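Note sheet for the following structure.
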Amino acid sequence: MKKTWWKESVIYQIYPRSFCDSNGDGIGDLNGITSKLDYLKELGIDVIWLSPVYASPLDDNGYDISDYQAILGDFGTMEDFDRLLDEAHKRSIRIVMDLVVNHTSDEHAWFLESRKGGEDNPYKDYYIWRETPPNNWEAYFQGSAWEYDKVRKMYYLHLFSKKQPDLNWDCEAVRKDVYKMMNWWMEKGIDGFRMDVINLISKAEGLPDGEKTPLGYTEKRDFVVCGPHFHEYLQEMDHEVLSKYDLMTVGECIDVSIEEAQKITGEDRHELNMVFTFDHMDVGNEGGCKWNTNRFALSELKAILNCWQMGLKEKGWNSLYWDNHDQPRAVSRFGNDEMWWEESAKMLATCLHMMKGTPYVFQGEEIGMTNIRMDSIDDYRDIETLNAYKVYTEQMGYTPEHMMDCLYAKSRDNARTPMQWDASANAGFTTGTPWIRVNPNYTKINAESQLRDEASIFNYYKELIHLRHGSELIVYGEFELLCPEDEKIFAYRRYLGDEQLLVICNFSADEVQFTVPDILKEKKAELLIGNYAEAAYSEELTVRPYEAKVYYYKK
Ligand code: NOJ
C-alpha cells in the first residue's frame, strides 16, 4: 500500500457559518476562522475541510452556489480567504475546499443563461431540461424533482431543492467549465476538494421512473447513483485537474456500494482518494427513512464498519467519521450525552481514531458538543428539516410532538449550532445575534474550559491525533473485528509487523467482562490510551461504563 500524507492526516471540518464570527453580524466568517488557527494547531490536525464559502443565495446554506470564484459577503472577501490560506499554510495546515458541482444555484450565471433557451445558446444544455417531467423522481428535500421554469417554459431536474438545479454532466462544455474552475482554485494554492454528492453526476439513460416504496416515496437510486458515465467523468477530471497536483480528494457518495467505492478509491484507477459513505449513519433506519428515534443495534453498526474496513483493505482507503454538518452529534446518538457525556465522547473518539482510514473531526466534536432541544419548529433553519417537518406532519401521519422528537434525534441543525468557545454570552461565538440558537449547555461545554482541563475531551483528541502521527501501526496496520455479536462491546485488533493493538470500547452504561483473544494471550500489554484511570491488566478484563482502552503489544 502506497504511503501518502493524506492517509497519515487528521482532517478537521469547519462549517463556516457556525464557527467564529469576527464582525458581530451573528454569522461565522473567514477572519473568524483565521483567528482560531492556533486553536486548531494546538489540537494537532493536519487539514481543514471548509464547507462552502462561495457566493450563494443560501437556500441550502451555501450548498447552492451562484459563483464558484467569489466569496459570499457574509463570510468576507477573497483577500480574507487568501489570508486564511496563507496563515494556515504557515502553520502547516492544509485547506481542502468543498466542491459542489452536481448542481449550482438557480441564481448562477450558467442557469440564468440556460433558462433563456434558444438554439444558438451555448448554455442551453448546461442543465437537464424536459418539456414535461419524464419521470416520478422525488427530490431529497421532498416534492417532485422537476420544476417548471416560467422563462424557458420547460421543466428542469433538481435532486435537492428547486433552487439547486442539477448540472448536465453529459454536456462537455459543463465539464470543461468545472475543470477550469477547479484548476483556478488549485493554482491559488488550495490542497484538495471534498466533492459534494459527487456520485450523482451521471444520470441513467432515458431517466426511467422509480418504483414506489412501502413508505410511499419513489426510489430513484438505481438511476442516479454511480450512473453510466460516473467513473469516466472522474477519470477525465483526474486527467484534466487532479493528476497535476499533490492534493487530497474525498467524494461524498450517497448509497454507494463497497464495489463502487473500491473502484472510486482504487489506487490504480485515477479517480478519488476517499469516499464518504452513509451506511453507518443509516444504522437503525427503516426503509431508508431517517426520521425516527430508534436506538441502533451495536452489532449492526459493527457489521457495517467492518464491511467497509475489510472492503477497502487492499484497494482504496476509508474515511472515518461520526460527525459532520449533516448529522446529529455523535455523542448524543451513539454515546450518552447526560450521565456519561465525557466518557462516551472519548470512547467514540477512540473507537474511530484507532480504525484504519483517515479520521475526520467535525467542529465541536473535540469538545463534546451535543444535540440541541429546540422548543419550536421556528427555531430550526435547515431546509431539509423544515420541509420534512411539513411533509411528515401533514402527509405521513406523524404528530408534531413525535416529529419534534425525531428532529431532536436527527436534524442537521444539531450539528450547526454555534461553536461553543467559552462561557460568555452566545458562547463567545458572536457579539451580535447568532443566526441559529446557541446550545444552552455552552456554560458547561466550551473550548475554554476544555483547554484548561488536562483530562478534557479536547486533550484526549489531541492525544489520539498525536498517537496516530507517530504510529505506522495506527495508520497502516490491518484491522480485525472481535466479538461481532456483542451488543455492548466494540473491540478490534490492529496489526503490522511485530506490533499489535487491542482496542476495547464499551458502548453501554454497564460494567462488562471482556476476554482478551487467544492471539494476544501471554503477551506483555501496555496501555496506550484510555478514558479512565488505568486499572491492572489481565486477560479477563472488566470494562467500565463507556470505557475505552487501547493496549499495545510487541512480540
Ligand atoms: C450534501 C451536503 O453535505 C449537504 O449539506 C447538502 O444539503 C447536499 N449535499 C446538497 O448539496
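Taking every lysine pair in the range 166-280 that is 8 or more places apart or spans two chains, those with Cα atoms closer than 16 Å amount to 6.
Since only Val151, Cys505, Trp5 are under comparison, the one whose Cα sits farthest along the positive direction of the charge dipole of the chain, derived from C-beta charges on Lys, Arg, Asp and Glu, is Trp5. Principal semi-axes of the equivalent ellipsoid, √(5λ) from the alpha carbon gyration tensor of the chain, are 38, 26, 25 Å from largest down. Bridging of Lys153 to aspartates and glutamates at a Cα separation below 19 Å is possible for Asp106, Glu107, Glu113, Glu119, Asp120, Asp125, Glu131, Asp166, once same-chain residues fewer than 8 apart are set aside. In this structure, Ala455 and Glu286 have a Cβ-Cβ separation that, at R0 = 41 Å, corresponds to a calculated FRET efficiency of about 0.55.
Heavy atoms only, probe 1.4 angstrom, no DNA, RNA or ligands counted: give me Thr393, Thr77, Thr132 ranked by accessible area, highest first.
The residues order as Thr132, Thr77, Thr393, largest area first.
Mean sequence separation of contacting Cα pairs (under 8 Å, at least six apart), scaled by the length of the range 483-554, corresponds to a relative contact order of 39 percent.
Report, to the nearest whole %, how much of the accessible area of the range 80-166 belongs to carbon and sulfur atoms, 1.4 Å probe, protein only.
46
Between His229 and Glu401, the FRET efficiency from the beta-carbon distance, with R0 = 30 Å, is close to 0.05.
Dipole magnitude for the range 411-555: about 540 debye, using +1 per Lys or Arg Cβ and -1 per Asp or Glu Cβ, origin at the Cα centre. In this Cβ point-charge picture (+1 for Lys and Arg, -1 for Asp and Glu), the chain has a dipole of about 520 debye about its Cα centre.
If you take the charge dipole of the chain about its Cα centre, with +1 on Lys and Arg Cβ and -1 on Asp and Glu Cβ, which of Leu58, Thr213, Leu242 is farthest toward its positive end? Toward the positive end, the furthest listed residue is Leu242. With contacts taken as Cα pairs under 8 Å and at least 6 residues apart, the chain reaches a relative contact order of 13 percent. Measuring nothing but how far apart in sequence close Cα pairs (under 8 Å, 6+ apart) lie, relative to its length, the range 1-132 scores a relative contact order of 21 percent.
Computed over protein heavy atoms with a 1.4 Å probe, the accessible surface of the range 36-133 works out to 37 Å² per residue.
Measuring with a 1.4 Å probe in the full set of protein chains, what accessible area per residue, in whole Å², belongs to the range 496-555?
Here the residues of the range 496-555 average 49 Å² of exposed surface.
Treating the angle as unsigned and between 0 and 90°, give the value, to the nearest 10°, between the Cα long axis of helix 400-410 and the longest Cα principal axis of the chain. So the helix axis and the longest Cα principal axis differ by about 70 degrees.
Using heavy atoms of the protein chains and a probe of 1.4 Å, the accessible area assigned to Tyr217 is about 60 Å². Straight-line reach from Lys346: taking Cα to Cα under 24 Å and skipping same-chain neighbours fewer than 8 places apart, the lysines in range are Lys7, Lys36, Lys41, Lys302, Lys356, Lys410, Lys444, Lys462, Lys488, Lys549. Here's the list of lysines a cross-link from Lys150 could span, going by alpha-carbon distance under 23 Å and ignoring same-chain residues fewer than 8 apart: Lys116, Lys124, Lys162, Lys163. Using a probe of 1.4 angstrom and keeping all protein chains present, the accessible surface of the range 276-400 works out to 34 square angstrom per residue.
Cβ-Cβ distance of Lys524 and Asn136, R₀ of 60 Å, FRET efficiency by 1/(1 + (r/R0)^6): the value works out to about 0.40. On the range 428-555, 49 percent of the accessible area sits on carbon and sulfur atoms, based on a 1.4 Å probe.
Given +1 on the Cβ of Lys and Arg, -1 on the Cβ of Asp and Glu, and no further charges, what dipole in debye does the range 264-401 carry about its Cα centre, rounded to the nearest 20?
420
As a check on your grasp of the helix formula, calculate [θ] at 222 nm for the chain: sum -39500 (n - 2.57) over DSSP H runs of n ≥ 4, divide by the residue count, round to the nearest 500. Can you show the working numbers first?
Details: 17 runs with 154 residues, N = 555.
Helices in the chain give a 222 nm mean residue ellipticity of -8000 deg cm²/dmol.
An oblate overall shape is assigned to the range 119-199, the ratio a/c of its alpha-carbon gyration tensor axes (a ≥ b ≥ c) being 1.5 or greater and a/b not exceeding b/c.
The values are calculated or read from the model by the stated rules, or taken from the named source; none is laboratory data. These numbers were taken from a predicted model, which means no experiment stands behind them. Don't worry about glycine lacking a Cβ; one is built from the backbone with ideal geometry, like all the others, and counts go over all protein chains shown. Quick note on the areas: whole protein, heavy atoms, side chains included, nothing else; ligands and nucleic acids left out. Shrake-Rupley method; radii C 1.70, N 1.55, O 1.52, S 1.80 Å.
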